[in-house]
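Shown next, in structure tokens, is the structure this report addresses.
The values are calculated or read from the model by the stated rules, or taken from the named source; none is laboratory data. None of these values were measured; they are calculated from a predicted model. Using ideal geometry, Cβ is built from the backbone for each residue, glycine included, and neighbour counts are taken over all protein chains shown. Accessible surface is based on the protein model in full, side chains and every heavy atom, while ligands, DNA and RNA are left aside. Shrake-Rupley method; radii C 1.70, N 1.55, O 1.52, S 1.80 Å.
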Amino acid sequence: MDPKFLQPYNPKEAEPSIYTRWEESGYFNPDNLPPLNGAEGQKERTEAFSMVLPPPNVTGILHMGSALMLVIEDILVRHARMQGKRALWIPGTDSAAIATQAKVEGELYKKEKKTRHDLGREELLSRIDTFVKESEKTIVEQMKHVGASLDFSRYAYTMDDRRYHAVMEAFVRMYNAGLIYRGSRIVNWDPKLQTTVSDDEMDYVEESVPFYYFKYGPFVIGTVRPETKFGDKYVVMHPDDARYKEWKHGQTIDLEWINGPITATIIKDDAADMEMGSGVMTITPAHSQVDFEIAKRHNLDIEQVIDDRGILLSIAGELAGQHIKKARPLIIEKLKAKGLIEKIDEKYIHNIATNSRGGGIIEPQIKKQWFVGVNTEFEKNGKKTTLKKMMQEAVESNAVEITPERYEKTYFNWVNNLRDWCISRQIWFGHRIPVWYRNSGQQSVDSEQATPGRIRRDHATETDAEEMCVSIEKPEGEGWEQDPDTLDTWFSSGLWTFSTLGWPDETKDLKTFHPTSILETGYDIIFFWVARMILMSGFLLDEVPFKKVYLHGLVRDGQGRKISKSLGNNIDPLDMAEKYGMDAVRVSLIAGMAPGTDSKISEEKIRGYKNFANKIWNISRFVLENGGGTTTDAPYTETDEALAREADVLAKHVSEHIEKFRIDIAFDLLYHFIWHRFADEILEESKPILKGEDARSKSSRQRLLYYILTLFLKLLHPFMPFVTEEIWTYLPKKETELLLVAPWPEARG
RNA sequence: GCGCGGUUAGCUCAGUUGGUAGAGCAUCUCAUUUACACUGAGAGGGUCGUAGGUUCGAGCCCUACACCGCGCACCA
């Protein structure tokens, strides 16, 4: 007996060398996996199993949430590998364009008091590159620490050359199919980061602000944003509102407003809510989504009031040039002086839209942006369809199955209401849009055909070039300039299942591993990511990106509270692994976690599972000390035959639950069988038999104990890979040198 | 406003076609050089959110309500 085995299990000492042995075997790469040893001799692995790791942001460090994801996926892939499949799990990291640039810019300002404009595009990108490389190293180390059996030879980064190529190709193909267009739309503009933000990337922060009621001619209008009101010259009310039935649509009235007398036009539109305030509102189409739509419906003028940096434009008269924040009280003063304030409600609860990627308060602006048309018809296999329809059909037809099922409803709810997807971002770090413009020098003031009415801007920052060319390479000839914008990070993420496999080249990997078997991810990115992958794969490859989606929840503390800095309840997975071993951390995360529900973790829970790791260590020692593995062909007694079948039944149930994604139940069954059935009962009952005189009973029991030991080591390996692999090295008789590739127990019984 | 979850032991949660309420932790009692104290045996503790309904029988199915959480929309 190895003296190490006589000590309690020491995960800290064992874990690093075990991971090294796995890596050196090369088995994380399915191309290196050994053939299977079956009853009929050696057999090639035919069935493929593939999965991509949802690439963590390069800005991130490992937290319990990412650890949970790694653990669930590692369990699935280890199980598939042991089942004899060609199991592939692809690692990668995501550039997280806005977040990363914001982080680097933040540090730049903190350390050097410089902005990105002081550095210039190239220098900033090189700084980001340095940051990313450093961060990447840490992330990969952490993944290995968790025990993730990822194939690092296929490591992908959203900004590397292969992925760049895929993104460009995708853009050009979609443009040529008429699915990508440029247009002036109202977008969520972040004045702080100077970029567009997608609908899904906004956070709403509740704030108590004054709500102002102004006299607007004969009407009373309400607002929390007086600074937008300068240009308001349309007054909107519901067509059915009896209070205002004497007013006719299109009728004009003269009234006194902020900067003097104006003429306002009455507009009747359903968008006005009769229940709300006075039922009358004025609109600011250039800075509000809803107002913009009303303006479009009635072909109204649209005038910009606030510029990209939050500064009032000339329409504000004497307040022009002021920042909106400073201007607000001044406007109130002016209106007060004119007697136009009806009343002020000081404690109005208002939701302020902010950029969730570390930016500022969103100011809707009209911008020329690139969009993916989700309702644009195109032909696929001789059939007319739209991207939206494709996304609906993929799930409706069960080509993609979502677990837990209730999230299908959430998915449809989102897809059905999907608007065109704005994919351009005004940041420097990202995939630059492959569009080129050439001008003969004449600058035209922006006038947009697609938008009815007149759009007037004081600062024409965008120009319409005479020539435009969409191509990956710079076109021939002089004077071409590339669009300065970059693509939404989810545009490239949408390609992930196949860009990681070599698309657009027709690689062997792509043929073997796509569509991927499972996409496992958090329920919080079902819209951002899951839906967009279905869109991209559907259009570009004419197939689904994955057959199954499995959604997991958030990690919470022992009392079910969210992990937050203010609560100080953050538990660092690596600290915990240092104290209790990674196996204990792994199973703490998945034990008691039903699909789609949140997982609870606490130090006590982790400690409990450390004891479990030690328990199996001791069970193994007991079995080996008592002659386990010496008599594997002794005939079973009747009792032992029954006990062996009982263990087989357990194996069958464990397998079934893993297949159904109930890894929590699978683990629970194992835990109870090993500790309370095998250790507490079977081993205790074995003591007299092993010490007794009956040679037949003894050899039968030795065979049985060894049989159950190897069986549960295999079953437990996906969950607790380190301790099981370590014990495996001490076994005298085994089918494979590494437990990593040992054959999964076949369902019997 | 629309939608989705949840409400079961002190705490955190299981409970798969309806058939006598379960686990872990915590608490209490007992055992004690044992493969393992990182242990074992046992005990206490629940009107399953509320009110109705279906059923021979409901934690589970139906209806309404309450509270908690989440998502989407709105926010003049």
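For the range A:121-137, which positions are of a type in the set (Val, Ile, Thr) and crowded, with 18+ Cβ neighbours inside 10 Å?
A:Ile128, A:Val132
Condition first: of a type in the set (Ser, Thr, Tyr) and within 13 Å of RNA strand B (Cβ to nearest atom). Now tell me which residues in the range A:394-442 satisfy that.
Scanning the range A:394-442 gives A:Tyr407, A:Thr410, A:Tyr411.
Name the residues in the range A:391-416 that are under 30 Å from A:Gln101 (Cβ atoms) and open to solvent by 10 Å² or more (accessible area, probe 1.4 Å), would you?
A:Trp414
Select from the range A:2-60 the residues that are assigned to a strand (DSSP E or B) and at pLDDT below 95 and list them in ascending order.
Keep residues of the range A:2-60 that are assigned to a strand (DSSP E or B), which gives A:36-38, A:41-43, A:48-52, A:57.
Within the range A:2-60, A:Leu36, A:Asn37, A:Gly38, A:Gly41, A:Gln42, A:Lys43, A:Asn57 qualify.
Looking at A:Arg116, A:Arg81, which is the one that is closer than 30 Å to A:Pro34 by Cβ and in contact (Cβ under 8 Å) with a residue 40 or more places away in the chain? Can you show your working first?
Working: A:Arg116 fails: closer than 30 Å to A:Pro34 by Cβ.
Answer to the selection: A:Arg81.
Could you tell me which of the residues A:Gly608, A:Gly596, A:Gly629, A:Gly592 is within 7 Å of RNA strand B (Cβ to nearest atom), assigned to a loop (DSSP other than H, G, I, E, B) and of a type in the set (Gly, Ala, Ser)?
A:Gly592
State whether the residues of the range A:677-688 include one that is surrounded by 12 or more Cβ atoms within 10 Å (Cβ to Cβ), of a type in the set (A, V, I, L, M) and free of Cβ contacts under 8 Å to residues at least 40 places away in the same chain.
yes
Look through A:Glu13, A:Glu23, A:Glu47, A:Glu40 and report the one residue that is surrounded by fewer than 18 Cβ atoms within 10 Å (Cβ to Cβ), closer than 19 Å to A:Met720 by Cα and away from RNA strand B (no atom under 16 Å from the Cβ).
A:Glu23
For every residue, the table says whether it meets (1) out of contact with any Ser or Thr (no Cβ under 6 Å at 6 or more places or on another chain); (2) small (Gly, Ala, Ser); (3) modelled with pLDDT under 90.
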position: A:Val305; (1), (2), (3): no, no, no
position: A:Asp308; (1), (2), (3): yes, no, yes
position: A:Gly317; (1), (2), (3): yes, yes, yes
position: A:Ile344; (1), (2), (3): yes, no, yes
position: A:Ala353; (1), (2), (3): yes, yes, yes
position: A:Gly360; (1), (2), (3): yes, yes, yes
position: A:Gln365; (1), (2), (3): yes, no, yes
position: A:Gly373; (1), (2), (3): yes, yes, no
position: A:Glu377; (1), (2), (3): no, no, no
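Go through (1) at pLDDT 90 or above; (2) of a type outside the set (Gly, Ala, Ser); (3) more than 29 Å from A:Arg419 (Cα to Cα); (4) within 16 Å of RNA strand B (Cβ to nearest atom) one by one and return the number of the condition A:Thr521 breaks.
(3)
Anything in the range A:657-676 that is within 27 Å of A:Val549 (Cα to Cα) and without any contact (Cβ under 8 Å) to a residue 12 or more places away in the chain? List them, or say none.
Hits for the range A:657-676 are A:Glu659, A:Lys660, A:Ile665.
Could you please give the count of residues in the range A:294-310 that are within 15 Å of RNA strand B (Cβ to nearest atom), surrounded by fewer than 20 Cβ atoms within 10 Å (Cβ to Cβ) and either touching a residue at least 40 places away in the same chain (Cβ under 8 Å) or over 37 Å from the mean Cα position of the chain (by Cα) (or both)?
Residues meeting the conditions: 1.
Can you go through A:Leu551, A:Leu574 and tell me which one is assigned to a strand (DSSP E or B) and either within 16 Å of RNA strand B (Cβ to nearest atom) or open to solvent by 20 Å² or more (accessible area, probe 1.4 Å) (or both)? Write out each step before concluding.
Numbers: A:Leu574 fails: assigned to a strand (DSSP E or B).
The match here is A:Leu551.
Among the residues of the range A:107-118, is there at least one that is among the hydrophobic types (A, V, I, L, M, F, W, C) and within 23 Å of the chain's Cα centre (by Cα)?
The answer is no; no qualifying residue exists.
Which residues, counting only those in the range A:340-390, are away from RNA strand B (no atom under 16 Å from the Cβ), open to solvent by 40 Å² or more (accessible area, probe 1.4 Å) and either closer than 23 Å to A:Tyr204 by Cα or outside any strand (DSSP E or B) (or both)?
Those that are away from RNA strand B (no atom under 16 Å from the Cβ), open to solvent by 40 Å² or more (accessible area, probe 1.4 Å) and either closer than 23 Å to A:Tyr204 by Cα or outside any strand (DSSP E or B) (or both): A:Gly358, A:Asn375, A:Thr376, A:Glu377, A:Asn381, A:Gly382, A:Lys389.
Please list, ordered by residue number, the strands (runs of 3 or more DSSP E) wholly in the range A:152-242 having 1 or more residues that are within 30 Å of A:Asp345 (Cα to Cα).
Once the strands (runs of 3 or more DSSP E) in the range A:152-242 are filtered for at least 1 residues that are within 30 Å of A:Asp345 (Cα to Cα), what remains is A:180-190, A:202-216, A:219-223, A:234-237.
Residues are listed down the side, and each one gets a yes or a no for (1) within 44 Å of the chain's Cα centre (by Cα); (2) among the acidic types (Asp, Glu); (3) within 10 Å of RNA strand B (Cβ to nearest atom):
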| position | (1), (2), (3) |
| --- | --- |
| A:Tyr216 | no, no, yes |
| A:Pro226 | yes, no, yes |
| A:Gly231 | yes, no, no |
| A:Met237 | yes, no, yes |
| A:Tyr244 | no, no, no |
| A:Lys248 | no, no, no |
| A:Gly260 | no, no, no |
| A:Ala264 | no, no, no |
